[in-house]
Amino acid sequence: MTGLLDPLTIKKITLRNRIVMPPMQSGRATFEGEVTNKLINFYTRRTTNIGLPIVEHAYISTQGKIGPKQLGIYSDKLIPGLKKLAENIHATGAPAIIQINHAGAVANKKIINTTPMGPSNKNKARMLEKSELYELADTYALAAKRAIEAGFDGIELHGAHGYLLNQFFTPLLNKRTDEFGGTLENRMHFPLLVVKKVQTQLKGGLLLYRLGADDLAPMGTQPQEACIFAQKLEQAGVDIMDVSGGMCGSEPKQLKHIAGYFISQAKTIKSAIKGPVIGVGAIKEANFANNLIQEGKIDLAAIGRALWHDHLWPQKAIQTLQAPNTNKTTTEQ
């Protein structure tokens with residue numbers, strides 16, 4: 001029976017276990033988005049026994065920034081620092097993946113010094129012109145190219161938590177009437193264009209997609225729609241589906257105290273695609289994470305806040321699961 005500590009091979013990369021460090025904005029870069037020693041230490045302390053570390057979202061354009069000390073990947077001048085980060089993660093025995101992102105309509109206006117842009121004229125953002133969408137897809141591709149040049153083993157596209165790709169997919173924000181909005185097929189158009197462009201730069205590297213699978217709103221994205229999108233993403237070349245929340249964010253107030261609060265969505269997505277699925281949502285206990293994988297609900301478990309607060313979580317999990325007569329905990333949702 002496959003569990004949390006079992007390896008997983010995807011393409012040419014073998015993960016030593018199924019523990020994922022999800023992307024968590026640490027605020028440890030410089031104001032220009034450069035890698036710092038503080039940022040490197042944050043990752044090297046946590047990746048020693050991690051199967052799949054995913055570096056926090058790096059902004060692909062100065063117009064897509066949300067935090068003052070957010071990591072950047074918008075310029076070639078950042079590659080040397082990113083290379084040092086990737087090398088240090090590799091030195092712990094783990095592959096290195098970096099999430100790339102554009103904040104879109106929720107970009108910080110005070111930081112970007114211009115009006116944020118999104119799929120529609122909504123929430124004080126201006127609507128992106130069609131020509132700008134093709135330019136942005138190329139910008140994503142350039143960021144992916146920088147990641148590969150820096151030595152990362154792949155990238156994750158951030159399509160969750162209300163950022164740009166998620167904004168195009170959700171009917172709550174995408175009110176366009178052209179081929180990039182309206183129907184489900186049209187709302188998938190821009191994210192799939194980005195995937196296609198990014199694929200040309202990966203040179204065989206892994207492509208992950210963080211999918212906002214549920215807006216937790218009656219008129220928003222539903223898991224059934226996310227399943228159709230996940231199938232399209234997989235057909236377009238996505239290797240791993242990282243299932244999280246949509247416009248509700250990564251930690252919905254009504255769910256944050258429930259262990260594994262996005263696992264049901266991940267399980268639904270897993271039933272619709274062939275590739276591995278990452279599950280997330282207040283997973284704090286090793287036995288709980290192990291059971292989720294043993295029961296086939298997910299393939300990999302993302303440990304976020306617990307790992308943030310305790311960098312030794314993976315070591316402790318290994319000790320717990322390797323101990324004789326390990327107590328099991330229920331995973332019923």
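Here is how the numbers come out for the structure above:
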| read-out | value |
| --- | --- |
| Potential extension, Lys196-Lys11 segment - 0.36 nm per residue separation minus Cα distance | 64.8 nm |
| Two-site label geometry, Ser131 and His309: point separation in nm, points 7 Å out along Cα→Cβ | 5.2 nm |
| Student exercise, the chain dipole from Lys, Arg, Asp, Glu Cβ charges, in Debye to nearest 20 | 560 debye |
| Greater than 27 Å apart at Cα, pairs in Lys124/Lys284; Lys12/Lys145; Lys77/Lys274 | Lys124/Lys284; Lys77/Lys274 |
| Calculated FRET value between Arg45 and Gln294, using beta carbons and R₀ = 30 Å, to 0.05 | 0.60 |
| Potential lengthening between Met219 and Lys203 on full extension [0.36 nm per residue; Cα-Cα distance subtracted] | 1.9 nm |
| Cα centroid separation, the stretch 57-93 to the stretch 260-285 (Å) | 27 Å |
| Fluctuation leader among Ile228, Ile50, Ile97 - the chain, Gaussian network, Cα springs under 10 angstrom | Ile228 |
| Label point distance in nm, Phe31-Lys122, each placed 7 Å from Cα along Cα→Cβ | 3.4 nm |
| Computed lengthening from Ser75 to Gln235, 0.36 nm per intervening residue step minus Cα-Cα distance | 54.6 nm |
| Distance in nm between pseudo-label sites at Asn113 and Lys83 (7 Å out along the Cβ direction from Cα) | 3.0 nm |
| Share, in percent, of DSSP beta bridges within the chain that are antiparallel, nearest 5 | 10 percent |
| Label zone at Asn186, where the point sits 7 Å out along the Cα-to-Cβ direction: the stretch 115-143 residues whose backbone N lies under 19 Å | 118-123, 126-134 |
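Here, each number is a calculation from the coordinates, and none is a lab measurement. Keep in mind that this is a model prediction, so the values were computed, not measured. A quick note on method: Cβ atoms are made from the backbone with ideal geometry, for glycine too, and the neighbour counts reach across all protein chains shown.
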